[in-house]
Every structure is written in C-alpha cells, then in structure tokens.
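See structure below.
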Amino acid sequence: MTVESVEVERPDRWDHPLSTTMSREDVAWLMRQSPFSLMNGERFARNTPLADVLSNDTRLLHLSPGDVIFREGQYGGTAYLVISGTVRIFLTQLLKQEEGSNRTRERSGWLDLLAKTWRGAKRSMAGRPNTRRHNRAKPSAKQQQHAEPTIGYRGEGADTRIFLQDVPRVLAEYATSSVEVGELFGEMAAVTRSPREFTAVAETECLVLEIRWQGLKLLKQDPAFRDLLDERYRSEVLRTHLRETALFRFIPEERLEPIVAATKLESFGNLEWYAEYRKRMNQSPGKRIEAEPMVAEEASYATGLWIIRGGFARLSRRQGAGHRTLSYLGKGQIFGLRELVHNSQHSNSPPLPYQESLRAIGYVDALCIPKQVVCEHILPFIRKADLPSPIESPRYQFGQPVIDAPLDIAEHNVETGLLEFLVDQRLMNGQQTMVIDTERCTRCDDCVRACASTHGGTPVFVREGPQYGPWMFAHACMHCEDPVCMIGCPTGAIHRDHDSGLVQINSQTCIGCKTCAESCPYSNIRMVVANDERGRAKVDQTNGLPILQASKCDLCKGSNSKPACQSACPHDALVRVDLSNFGQLTQWLERKAS
C-alpha cells in the first residue's frame, strides 16, 4: 500500500521563537542595555548572532506588582534578567502546588506494593535566586503560621497570569530576598533541568527579560555574560545553597561568610557525558570505573567536605584488583564528613585519610569546603543527632596496612551486583523506568500493541533492554532526574512539563535534528517519519526525503489511568519504578525479601 505524503518546508531552528511580539526595535534597545552592550558580537557564530539570540530566545515581560513569575515546584527551561523594577524571591513556601501537580499514577495488582515503595520524594534540585538584600535571614515560628495569601488572575487564555493581592502584607509576613536591575535569577533550574525551589513575584512595576535556556547557553559564549552568572552565584546563590543544606541549619549568619569565601566550585567530567559513556559500554566494569573522573580518592588526605551540586557520583572502595560500588550520591548529598569529624574529635591521634573513593559518574558539579573551615565554622554547630556514625574500624590509616573491616558506612540490603549494575548502566537516573519481570512476562506483546494503539499506530518503546536477574529494564523513556537528552535540543522541543516533571516532545517545534536521540544514553528516543494532521507523511520539498521527528514514551500523558502498556499487561509483569532514590530501592528490596 502506498503511503500518502505531502511536501513541506523543512523546519528550522528559529521557526518558533519564544515570543512572536519581539520587534527589531526591542532587540536594538536590548543591545544597548547591560550586559548585552558589554558583549562582543564577534564571539557568536554567524548562524546564531547575538541579535538573533535576543530576537528568538528571549521575551520581554511587563509585570505589575504581585504578578507571579513562577512557582515553587514547577519545572522551567528559562532564566530571568531584571531590566527595571524589583522582584521578590520567597525563601519559604508561598503557594501550595495545585491539586494534581507532580501526581504519580495509581497502580493495581501485586505490583502496587512494589511501585509505591519505589516511588520516593524527589531529591531537592533547583536553581536558587541571585539575591543581595534579605529582609530576614530566617523565618520565625510566627511567620511560618501566616495565613495563605489571596491570589487573583489577570489576562485571558495563554496570557493568564496569577497575581498576589495585598502585596505589602504578604511581603511583611514572609521571608524574602530582593532581585533588582541587572540581576539574573532562575538560571540554575533552567540549566540543570530541575524544579524551582522558590516562588518569584514582581514587587513593583517590572520589565523582566525571560531567556530560554538554549539562548542562555549561547549567551554564555561571551565572557561578560559568563562573568555575570559566576559573580551572582559566588556572591548570592552559593550562600542560599549552603543555608538549605541540612548540615548548615544551625550555623550563625556571621559564620557563613568565611564558609562562602573559602568554598571551591569544582566540576568533574563532561556535562555531555553520554558520548563517552557509549564508547565505554563494552568495556569491563573495572575499566569503566577507573575511567571515571576522580573527585576524592581513598587513602588520600581528607582535605575537605564535598557537597554534590549536580550529577551523580559513585562511592566505592578498592577490592582485590577491582573496585566495589558502595552507593551513589546525588544532588545535596555529602562526602568526607565522617573523616573530618573523626579527625576533629581525635586531634591527638594521626588523622585518618578518606576511607572511600568518590568518582564522577559521567559528570559531577560539586562544592568543596576546606577542612580548616569545616572544623572552625561548621562542626561546632552540628547537632549531635546530625553527626555521622563514628569510624570504629578504619580501613585506612597512614603508615598502617589496609584492614578489610566490615562495611559500616551504610546499612542497606541492596545486593552489590544489582547496585553496580544500576550504576554502571546509569539506570539510577530514571524516575519512571519501565521494569519487566521476565519470569511473569509471556512475550504476548499486549503491552506493545496497546502502546501502538495509543500513539497513532507506532509504539514508543521497545520490549528489550539491559537485564539483571529476572528484571529487564526496557528501552522506554525513563523521564530522567537529569535528562541529558534536553542539553543539545536547539528549539526546546524536548522539555519538562512545568508541573509533572515528565519529559515531553513538542511535535510542533521538533525539527528532526536527531540531537536528543543521539544524546540519550539509553537509546530510548527514536526518529520516526513526521505526519501532518491528516496522517500524511511529510517530505522535504527541496529533495523529497522524509522529514523525521523524535518519538519516545510520554507516559500516556492526558490519560487518567496508568500507562496503556501497563494496563494491557495480563500478567502484572510490567511496572514503572523510580530508581533515582536509593532509599526507595532499599525499602522495596526489604519488602520483597519479607
């Protein structure tokens, strides 16, 4: 049967600008404002000049007092630069999430228990404001008991905006920070593809430039803009990041200054780590581990406290000729505290070195606080209940033979082989990983047919994938905690849903460049022929070749039930699980064994 086709113009990078109202006059005016007036246009490629970046990847927002720019818990792919006026960042939760936001689908059958125990609270990941003026360092108990603010709505349709009523009262009751002219905020959440952790509201009449993260990446080519980001982080955001780490809850404000000044910002590996990962997939686990960038090595001097800011790190130790994976650390988790506490408490004895190694699994963004600063400004203010368990039998001591003592760094029931499998395959990145119990699966393919029926005749997953024991981790989009598929998308077609966090593809803005498919480390995105609204295959009018489009599992968005593949399985052999939360994995294994 001949497939009907239609000739169309091949989609282009900027066919769908962030704003259709950005005029040439607006762009020319922006080019005269700081920091754009300080930027060197020659640093930009010919096909992405600065003027085109501003024209297509930004939009001007005219805000009234009380307008909510974004809410805590939302995902967003844009950053904001204040052109005029003042924006307030709320340091405590201001607006409750709408009912149904980040809702996890219900499950049934014997897998209900498995799914519920694997479903964990997502680790805290978001950019923090670049701020200078704090009206309060900490909210008081009274402030935390304030009444919910009253909200209203302005505009219509897609232009509807939530606003706060009685702004002066709300600002008086909540802990906030000010963001003023020339300051950037929200960029960390945009770049790291993570949820917002604060609510931003216009305090006065404001003009704010919203910048799509694709444009943000291009703007960072210029040192003037890059310096703006770095200076803001060092002067303001770092303080907020540290303050929100549990370890720093009771540190006095005056002690935070020397901590901020001494903290080092370190990166290991490549943000676009998927290419190197694919190259090493066929190597032995030992070789892959040895190739991972070393953050801190076991048996070396414990020189500082490490805080993971982004990415994943492998906690391991030498065992025989290889390495044993003990755990993996993600956003907000720390390394080195046990050794520093021990050395501080046993100052009359030789110091202990790091007892384990920390390696970047592809890419890690981390903070390092020198040991002297930790001992002087942090340890005296950590509650005893928050201290790590003591090192009773150190494996490493300077000048002493290695002692292979029992592990005491964590109590968990995760089989070492399974843990290493998850880390080596990078599956701990998945928040909605399709897992198939091959002992229950009869290969009837009802799941595949149901998926195809739901998605226009073409299934968006493959019932194949890496396997450990009876568990197959199928090639279906995992809606990753760190979705690297989004990094290179030139149009933002692949993005996170603002509320649910699901990774989605906008078929209207996808230009078929294959970047996301080639970037996905798990081969979970496929290129298919694009169809028009009548189901006709689109072909390039210049050469007659099919126009492709990225396709992947969307978790049956819009459905009020669980995904079609799972609903169709007659044997309860298929489930979606969150592998990004190590604690949830432990709980599931404990229940499975009982």
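The residues in segment 426-472 that are acidic (Asp, Glu) and in contact with a Lys or Arg (Cβ under 9 Å, 6 or more places away or on another chain) can be counted, and the count is 1. Within segment 27-40, does at least one residue satisfy the condition of being more than 27 Å from the chain's Cα centre (by Cα) and within 30 Å of ASP532 (Cβ to Cβ)? Checking segment 27-40: not a single residue is more than 27 Å from the chain's Cα centre (by Cα) and within 30 Å of ASP532 (Cβ to Cβ). Each residue in segment 25-57 was checked for being free of Cβ contacts under 8 Å to residues at least 24 places away in the same chain and charged (D, E, K, R), and 4 pass. Condition first: closer than 30 Å to GLU276 by Cα and open to solvent by less than 10 Å² (accessible area, probe 1.4 Å). Can you find one or more residues in segment 502-515 that meet it? Scanning segment 502-515, I find at least one residue that is closer than 30 Å to GLU276 by Cα and open to solvent by less than 10 Å² (accessible area, probe 1.4 Å), so the answer is yes. All conditions in (1) closer than 21 Å to LYS557 by Cβ; (2) assigned to a loop (DSSP other than H, G, I, E, B); (3) touching a residue at least 24 places away in the same chain (Cβ under 8 Å) hold for PRO490, with the sole exception of (1). The set of residues in segment 506-517 that are outside any loop (DSSP other than H, G, I, E, B) and farther than 13 Å from PRO490 by Cβ contains only ALA517.
Return the residue satisfying two criteria in turn: it lies in segment 51-73 and is closer than 25 Å to TRP14 by Cβ and open to solvent by less than 30 Å² (accessible area, probe 1.4 Å), and of such residues it is nearest to the chain's Cα centre (by Cα).
Keep residues of segment 51-73 that are closer than 25 Å to TRP14 by Cβ, which gives 51-62, 69-70.
Within this subset, residues satisfying the condition of being open to solvent by less than 30 Å² (accessible area, probe 1.4 Å) are 53-54, 56-58, 61, 69-70.
Details: VAL53: 24, LEU54: 25, ASN56: 25, ASP57: 21, THR58: 22, LEU61: 26, ILE69: 20, PHE70: 17 Å.
Looking at the filtered set, the residue picked out is PHE70.
Let's see how each residue does on (1) in a loop (DSSP other than H, G, I, E, B); (2) touching a residue at least 40 places away in the same chain (Cβ under 8 Å); (3) open to solvent by 10 Å² or more (accessible area, probe 1.4 Å):
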| residue | (1), (2), (3) |
| --- | --- |
| LYS287 | no, no, yes |
| ALA313 | no, yes, no |
| ARG338 | no, yes, yes |
| HIS342 | no, yes, yes |
| SER347 | yes, no, yes |
| PRO351 | yes, yes, yes |
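Against the definition (buried (at least 23 other Cβ atoms within 10 Å of the Cβ) and assigned to a loop (DSSP other than H, G, I, E, B)), how does CYS485 come out, yes or no?
Numbers: buried (at least 23 other Cβ atoms within 10 Å of the Cβ): yes; assigned to a loop (DSSP other than H, G, I, E, B): no.
Considered against the rule, which asks whether it is buried (at least 23 other Cβ atoms within 10 Å of the Cβ) and assigned to a loop (DSSP other than H, G, I, E, B), CYS485 comes out as no.
Residues of segment 301-311 include at least one that is modelled with pLDDT of 80 or more, surrounded by fewer than 19 Cβ atoms within 10 Å (Cβ to Cβ) and either among the hydrophobic types (A, V, I, L, M, F, W, C) or more than 25 Å from GLU481 (Cα to Cα) (or both).
From the list GLN221, GLN214, the lone residue that is within 23 Å of MET22 (Cα to Cα) and in a loop (DSSP other than H, G, I, E, B) is GLN221. Each residue in segment 170-194 was checked for being farther than 26 Å from ARG496 by Cβ, open to solvent by 20 Å² or more (accessible area, probe 1.4 Å) and of a type in the set (A, V, I, L, M), and 3 of them qualify.
Tell me which residues, restricted to segment 321-332, are in a loop (DSSP other than H, G, I, E, B) and either more than 22 Å from GLU290 (Cα to Cα) or touching a residue at least 40 places away in the same chain (Cβ under 8 Å) (or both). Of everything in segment 321-332, those that are in a loop (DSSP other than H, G, I, E, B) and either more than 22 Å from GLU290 (Cα to Cα) or touching a residue at least 40 places away in the same chain (Cβ under 8 Å) (or both) turn out to be GLY330, LYS331, GLY332. Every residue in segment 570-579 that is in a loop (DSSP other than H, G, I, E, B) and in contact with a Leu (Cβ under 9 Å, 6 or more places away or on another chain), please. Selection gives ASP572, ALA573, ASP578, LEU579.
The residue list THR104, THR92, THR48 contains one member that is part of a loop (DSSP other than H, G, I, E, B) and modelled with pLDDT of 80 or more, which is THR48.
Restricting attention to segment 516-542, and to residues there that are among the charged types (D, E, K, R) and open to solvent by 20 Å² or more (accessible area, probe 1.4 Å), which single residue is nearest to the chain's Cα centre (by Cα)? Outline the logic, then answer.
The first filter runs over segment 516-542 and keeps only residues among the charged types (D, E, K, R), leaving 518, 526, 532-534, 536, 538, 540.
Among the residues that remain, those that are also open to solvent by 20 Å² or more (accessible area, probe 1.4 Å) are: 518, 526, 532-534, 536, 538.
Working: GLU518: 19, ARG526: 23, ASP532: 33, GLU533: 34, ARG534: 37, ARG536: 37, LYS538: 34 Å.
Ranking the qualifying residues of segment 516-542, first place goes to GLU518.
Scoring LEU265 on the criteria (1) of a type in the set (A, V, I, L, M, F, W, C); (2) open to solvent by less than 20 Å² (accessible area, probe 1.4 Å); (3) under 20 Å from the mean Cα position of the chain (by Cα) leaves a single failure, condition (2).
I'd like the full set of residues that are more than 21 Å from GLU290 (Cα to Cα), of a type in the set (Val, Ile, Thr) and either open to solvent by less than 20 Å² (accessible area, probe 1.4 Å) or at pLDDT below 85 (or both), limited to segment 394-445. Passing the criteria: ILE403, ILE409, VAL414, THR433, VAL435, ILE436. Restricting segment 14-27 to residues that are touching a helix residue (DSSP H, G or I) at 6+ places or on another chain (Cβ under 8 Å) and assigned to a loop (DSSP other than H, G, I, E, B) leaves a set whose member that is farthest from GLY215 (Cα to Cα) is MET22.
The values are calculated or read from the model by the stated rules, or taken from the named source; none is laboratory data. The model shown is predicted, which means the values in this text are computed figures rather than measured ones. No Cβ is skipped: glycine too gets one built from the backbone with ideal geometry, and neighbour counts run over all protein chains shown. Ligands, DNA and RNA are stripped out before the accessible areas are found, and what is left, the full protein with its side chains, is counted by its heavy atoms. Shrake-Rupley method; radii C 1.70, N 1.55, O 1.52, S 1.80 Å.
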